[in-house]
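See structure below.
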Amino acid sequence: MSDPQDLVCVYNATNATKAELVRTLLESEGIRAVTGDTSNPFPGISIAPIEVYVQRTDEVAALDIVETINEGDVQHETDVQLEDTDDEIPTPLEN
């Protein structure tokens, strides 16, 4: 029988930045998360995915959040919503 405290992988990131973003998002939702080995001897080149782990008891909730990320439904505070306007685009002044 598996221990509920065992770590399970819920996300494979292509780079350390993505892994840290997912880990941070999970933790902001109250789920403790850790990343696998983020050291890479070849910066800028992804040799192996970096895994994000959570405790088995949080696996289902974490996978739901990861699914939302994969669907692109997550909005970040820096996202800007553009509104449609009927304003004309100004034209450059002629010399």
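Note on region 27-42: among residues that are among the polar types (S, T, N, Q) and modelled with pLDDT under 90, the one that is surrounded by the most Cβ atoms within 10 Å (Cβ to Cβ) is ASN40.
In region 51-69, the residues that are closer than 20 Å to LYS18 by Cβ and among the charged types (D, E, K, R) form Cβ pairs under 9 Å with partners that are at pLDDT below 95 and part of a helix (DSSP H, G or I), at six or more places apart or across chains, as follows: GLU51/ALA19. Quick check on region 16-26. Is at least one of its residues modelled with pLDDT of 90 or more, part of a strand (DSSP E or B) and out of contact with any Asp or Glu (no Cβ under 7 Å at 6 or more places or on another chain)? No.
The values are calculated or read from the model by the stated rules, or taken from the named source; none is laboratory data. Just so we're clear, the structure is a prediction, and the values are computed from it rather than from any experiment. Don't worry about glycine lacking a Cβ; one is built from the backbone with ideal geometry, like all the others, and counts go over all protein chains shown.
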